[in-house]
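Only one structure is covered here, and it is reproduced in the block below.
A short reminder: the numbers here are calculations on the coordinates, not readings from a lab. Keep in mind the model is a prediction, meaning the values are calculated, not measured. FYI the Cβ positions are ideal-geometry reconstructions off the backbone, even for glycines, and counts take in every protein chain you see.
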Number of protein chains: 2
Amino acid sequence: MPSTSLTFADRAAHRAWLATQGGLPRGFRAGASAFEFTPFEVAKPARMKLALLTLDRPTGAFAALFTRNAFPGAPVLVGRRRLGEPRLGAVLVNNKISNVCAPGGVEASERLCAEVARALRLSPTEVLPSSTGVIGWRLPVEAMVEALPAAVASLQGQSILPAADGIMTTDLYPKVRRFDLPGGGSIVGIAKGAGMIEPNLATMLVYLLTDAAVEREELRAALVAAVEVSFNAISIDSDTSTSDTVVALASGAAGPVDRTAFRAGLTRVCRDLAEDVVRNGEGVRHVMRVTVRGAPDAAAARALGKAVVNSPLLKTAVAGNDPNVGRLVMALGKEAGAKGMALDPARARLTMGGEPILEGGLFQLDREKERRLTAHLVAAELYPQAPAADGITFRPPVDFPRHERSVEIGIELGAGPGAAEVLGADLTHEYVTENADYRS
Amino acid sequence: MPSTSLTFADRAAHRAWLATQGGLPRGFRAGASAFEFTPFEVAKPARMKLALLTLDRPTGAFAALFTRNAFPGAPVLVGRRRLGEPRLGAVLVNNKISNVCAPGGVEASERLCAEVARALRLSPTEVLPSSTGVIGWRLPVEAMVEALPAAVASLQGQSILPAADGIMTTDLYPKVRRFDLPGGGSIVGIAKGAGMIEPNLATMLVYLLTDAAVEREELRAALVAAVEVSFNAISIDSDTSTSDTVVALASGAAGPVDRTAFRAGLTRVCRDLAEDVVRNGEGVRHVMRVTVRGAPDAAAARALGKAVVNSPLLKTAVAGNDPNVGRLVMALGKEAGAKGMALDPARARLTMGGEPILEGGLFQLDREKERRLTAHLVAAELYPQAPAADGITFRPPVDFPRHERSVEIGIELGAGPGAAEVLGADLTHEYVTENADYRS
C-alpha cells in the first residue's frame with residue numbers, strides 16, 4: 001500500500017511540496033552545475049549536469065548496492081571497489097552519458113574523483129562516482145573537470161532539491177522523499193530514473209542521506225532489506241540498467257537511533273521513491289499495483305507480479321483504459337507455465353479495482369462489470385491521451401504527478417504462503433516517442 | 001538464415017505467390033465460412049470465421065504441441081486428450097474468441113467437435129478443436145453450429161488458402177509455406193499469429209499437412225525437433241498465449257519418404273512460417289535476427305537472443321532507425337546478470353549489419369559507423385513510419401510483406417559452444433494502437 005495519497009494541481013504546488021521534503025539532514029551539503037558539449041560519437045550538441053553530495057566529515061557508515069547487469073558501467077566497477085574503503089566524503093553524479101564499456105571509462109571516473117577530492121580536500125578513494133545516460137559514449141572528461149568548480153561553489157546545507165534536479169535525464173520531475181525519525185534526525189532520499197527500469201538488486205540512481213548514527217554493517221543490512229521490497233519490486237519496461245546504483249550515507253550528526261525505527265523509515269523512503277520512479281516512468285499514464293498472495297513462495301509471488309506488470313499486451317490494454325483481463329490471466333499463466341509452478345486455475349481468485357474477475361478458474365464478466373472496470377482504469381489515469389500535434393510525437397502534458405492512484409490488481413492463488421507487492425506501468429505512445437529517438 | 005529472400009510489389013503479387021504455395025497435399029480438404037454475432041460480454045457486434053481442415057480418411061499419424069501457459073484454453077485441454085486417440089479426421093478452427101477459462105468452455109468445444117463429426121461422419125474424438133481471439137469471453141456455440149454447414153459445403157481439395165485466410169485475427173495477410181519432398185509428396189503449413197507471441201513449446205495456431213507416409217511416433221519426434229528451432233525461437237511481444245497450438249497431420253497418400261529429408265522439410269516449413277509470423281507481427285516495422293554464438297550452452301544462447309529481441313528499449317530504438325547499440329549491450333547484460341552466467345565482457349564481440357560495434361569489452365563507435373548502422377536499419381524497414389491521420393491511430397499501410405530483410409545482430413561471446421538464432425521485432429506506435437484498444 002502507498003504511504004501517501006497526494007494530489008497536486010500544478011507544477012508549482014508539487015515544487016512547494018518537494019521543498020518541504022528536501023531539507024538536508026545535518027552534516028550534508030548538496031549542489032549542481034551544468035554545461036554544453038558535443039559528444040565524440042555524434043555531431044549534435046548536448047547538455048550535461050553535474051550534481052554533488054558531500055559530507056562535512058567523511059563517514060565510515062556508507063552502503064551501496066549496484067546493478068547485476070553483466071556489462072556494468074565504469075562507475076559501478078569503481079563503486080564496488082569503494083565499498084572496501086574506510087570512509088566516503090562525496091558523491092559526484094553526471095547525467096547524459098553513463099560511461100559503460102567506453103574506452104578509458106574507469107580511468108575517466110577515477111580522474112573525476114581525483115578532481116573532486118582535490119577541490120574538497122579529500123582522498124580520491126573517498127569520492128564515489130555515478131553516471132547515467134547514453135550507453136556506449138565516452139565521458140567528455142575535460143569539459144567535466146572545467147565545470148566542477150561551479151558545482152563545488154554551489155554547495156549548500158539547506159536543501160537536497162538542486163541535486164535532485166541535477167541527476168534527472170528523461171525524468172519529468174525530481175523525486176524527493178523524507179522520513180523524520182523519532183527522537184530527531186531524518187532520512188532524505190532522492191531518485192533518478194524513468195526508463196530502463198527493472199532493477200536487479202538496486203535501481204537507477206538513488207541517494208539516501210541520514211544524520212542518524214548508524215554503524216556501517218547495520219546500514220548495509222538495512223539497505224539490502226529496504227531495497228528488496230522497494231526498488232527490486234518495480235518495473236517500468238523490464239530492462240535492467242548497466243548503471244543501477246543505490247547509495248546510503250549516514251553522517252551520525254543526529255546521534256543514535258532506534259534500529260527498528262530506522263529500518264522502517266529507510267524502507268518507507270525507499271518504497272515511496274520506488275513508487276515515484278514508476279509514476280514518473282517514461283510515458284507512464286497508469287501505475288499498476290499488483291498484490292500477489294497465496295503463491296508458492298515470496299520469490300514466485302514477486303515473479304508473477306513482475307510477469308503481470310511486464311506483459312506488453314496487458315500494459316497496452318491498460319493504456320487504452322481497456323479492461324482486457326484475459327491478458328492478465330495470460331501473463332500469470334505464462335510465468336507459472338514457464339517456471340513449472342504448481343498452480344491450479346480452480347483455486348485462483350483475481351480482482352481489478354476490487355471487482356472479482358476470475359474465481360474458481362472461471363471468468364466472472366458481464367457488461368455492467370466491464371463498465372465499472374473501465375471507470376477504475378480511467379480514474380487511475382495520470383492524464384488523458386491527446387492526439388499528437390504532428391501526428392507522431394507524443395509528449396506527456398504534465399511535469400508533476402497529479403495524484404497517487406493506481407490500477408489495483410489483486411491475485412490470490414491458494415498455492416502457498418508467498419506474497420509480494422509489485423509496481424509497474426502501462427505502455428503508451430508516449431513511451432514509444434520517448435524511446436524511438438531518444439539520442440538524436 | 002532465411003530460406004528465401006522474396007520481395008513483393010503489392011498484395012496481388014503476394015496472393016499470387018501464396019497460391020503457388022497452397023496446393024493441398026493429397027488426401028486433404030480445406031474450407032471456411034463466416035458469420036456475425038454479438039458477444040455475451042460486450043454489446044458491440046463481432047464477426048467470426050470458421051476454418052475446416054479434413055482428411056479423406058482419418059489418420060493415426062498426427063502430432064500436436066500445445067502452450068505451456070498455466071491457464072490453457074479449453075481447446076488445448078481437449079486437444080491434449082485427443083493425443084491419446086487412435087485417429088484424427090478433422091480440425092475445426094474459430095477466430096475472435098479463444099475460449100479460455102470461460103464457463104462451460106470444454107463442453108462448448110466438445111459440442112462443436114460432435115457437430116463437425118456428425119456432418120463428416122466421424123467420431124467426435126476424431127475432431128480437434130482450436131480457438132483464437134479474446135481471452136475471457138464465451139463461444140457463441142449456437143451461432144457457430146448454425147454456421148458449420150457453410151464451412152462443410154466449402155470444403156475442396158485444391159488449395160489451403162481459404163483456411164489460411166479463415167484462421168487470421170489481427171494478421172495482415174495469410175501465411176502459407178510448402179516443401180516438396182524428394183520422390184513426390186509435400187509438406188504444406190499455415191500459421192496464424194501476430195500478437196501474444198513468444199511461444200513456449202508451440203506457437204499460436206499452426207497446421208502442417210503432409211501426404212508423406214510417416215508413422216505417428218516419428219511424426220511426433222520430428223515435430224518436437226522442428227518446433228524447437230522455429231516457433232520456440234521467436235518472440236513478437238514476449239507474451240505467451242493460452243492457446244498456442246501446432247498440429248501436424250500425415251495422410252500417407254504419397255507413400256513412404258526418406259526420414260532425413262522429411263525432418264529437414266518439416267523444419268524448413270516451420271522456420272519459414274515462424275519468420276512469416278514475426279514479419280507479420282502486430283505493428284512490426286523491422287524484423288530482428290539475432291545470431292548468438294559462444295554462449296555457455298544452447299539454452300543460454302536462446303535466452304540471450306530472446307532478451308535482446310524482447311528489450312523494449314532496443315525495440316523502440318530499432319523502430320526509430322536509431323542504432324542505439326548501448327541498449328543491445330544492456331539487454332545482453334541484463335539476462336546474463338540475472339541468470340548468473342559467467343560472461344566476460346572482454347571476450348564479447350558484437351556486430352550489427354556486419355559492422356563491429358563492441359570488441360574486447362569496448363565499444364567501437366564513430367560518426368561514420370553511426371551513419372552506416374542507420375542505413376542498415378532503414379534498409380530493413382518494412383514500411384516508413386507516417387503520421388497518424390487523426391494524430392493517434394497508427395495502422396500499417398501494407399497488407400503484404402514487401403521484403404524479407406532483417407536487422408542482423410551478431411553476438412559472439414567466447415564463453416562456450418552454445419549457439420542459437422532468434423527472431424524478434426521492433427516496438428512501434430502501430431503496436432500500441434493495435435493493442436491499446438483491440439477488443440472495443
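Phi angles across segment A:422-429 convert, under the Karplus curve 6.51 cos²θ - 1.76 cosθ + 1.60 with θ = phi - 60°, into 3J(HN,Hα) values of 10, 10, x, 8, 7, 10, 10, 4 Hz, Gly and Pro given as x.
The dipole here belongs to segment B:287-436: it is taken about the Cα centre, uses +1 on the Cβ of Lys and Arg and -1 on the Cβ of Asp and Glu, and is about 280 debye. Computed from the C-alpha gyration tensor, the three semi-axes of the ellipsoid equivalent to the protein assembly as shown are 52, 29, 23 Å, from longest to shortest. Among beta bridges from DSSP that stay inside segment B:46-154, the antiparallel ones total about 50%. Ascending distances from the residue A:80 label point to its copies in the other chains, with the point 7 Å along the Cα-to-beta-carbon line: 4.3 nm. Computed over segment B:58-194, the Cα gyration tensor eigenvalues convert (square root of 5λ each) into semi-axes of 23, 18, 17 Å, ordered from largest to smallest. Of all DSSP beta bridges confined to the protein assembly as shown, the antiparallel ones make up roughly 70%.
Backbone amide hydrogens, once placed in the peptide plane, bring residue A:364 within less than 5 Å of A:358, A:359, excluding anything fewer than 5 places away on its chain. Counting from the shortest, the label point at residue B:38, 7 Å from Cα toward Cβ, is 6.6 nm from the same position in each remaining copy. In a reduced charge model with +1 at each Lys and Arg Cβ and -1 at each Asp and Glu Cβ, the protein assembly as shown shows a dipole moment near 560 debye about its Cα centre. Take each residue of peptide A:308-316, count the partner chain Cβ atoms within 10 Å of its Cβ, and average: the result is 6. Given 4 °C and 1.567 mPa s, how large is the Stokes-Einstein diffusion coefficient of segment B:11-279 in µm²/s, with Rh as the Kirkwood radius over Cα pairs? Diffusion coefficient, whole number: 72 µm²/s. Within segment A:11-279, antiparallel bridges make up roughly 70 percent of the DSSP beta bridges whose residues both belong there.
Computed about the Cα centre, the dipole magnitude for chain A is approximately 520 debye when only Lys and Arg (+1) and Asp and Glu (-1) carry charge, each at its Cβ. When residue B:215 is represented by a point 7 angstrom out along its Cα-to-C-beta vector, the spacings to that point in the other copies are 7.1 nm, nearest first.
Along the charge dipole of segment A:11-279, Cβ charges K/R +1 and D/E -1, which of A:183, A:129, A:236 sits furthest on the positive end? Among A:183, A:129, A:236, the one farthest towards the positive end of the dipole of segment A:11-279 is A:183. A dipole drawn for segment A:339-392 from +1 and -1 charges on Cβ atoms has a positive end, and of A:377, A:362, A:342 the residue lying farthest that way is A:342. 3J(HN,Hα) couplings calculated from phi for segment B:12-24 with the Karplus curve 6.51 cos²θ - 1.76 cosθ + 1.60 (θ = phi - 60°) are, in sequence order, 4, 5, 5, 4, 4, 5, 4, 4, 5, 8, x, x, 5 Hz; Gly and Pro show x. Residue ranges A:374-382, B:159-167 sort as B:159-167, A:374-382 when ordered by packing (mean number of other C-beta atoms within 10 Å per residue, highest first). Between the amide H of residue B:251 and those of B:210, B:211, B:212, distances stay under 5 Å, these residues lying 5 or more places away or on another chain, with hydrogens modeled in the peptide plane.
Working note: Debye formula, equal point scatterers on the alpha-carbon atoms of segment A:287-436, no solvent; log10 I(q)/I(0) at q = 0.12, 0.16 Å⁻¹ is -0.51, -0.86. Peptide B:364-375 is shielded by partner chain Cβ atoms: per residue, an average of 2 of them sit within 10 Å of its Cβ.
Karplus-based coupling profile of segment A:335-343, in residue order and whole Hz: 5, 4, x, 5, 8, x, 5, 7, 9, with θ = phi - 60° in 6.51 cos²θ - 1.76 cosθ + 1.60 and x standing for Gly or Pro.
Amide H to amide H, with H built 1.01 Å from N, residue A:297 comes under 5 Å of A:418, counting only residues 5 or more places away or on other chains.
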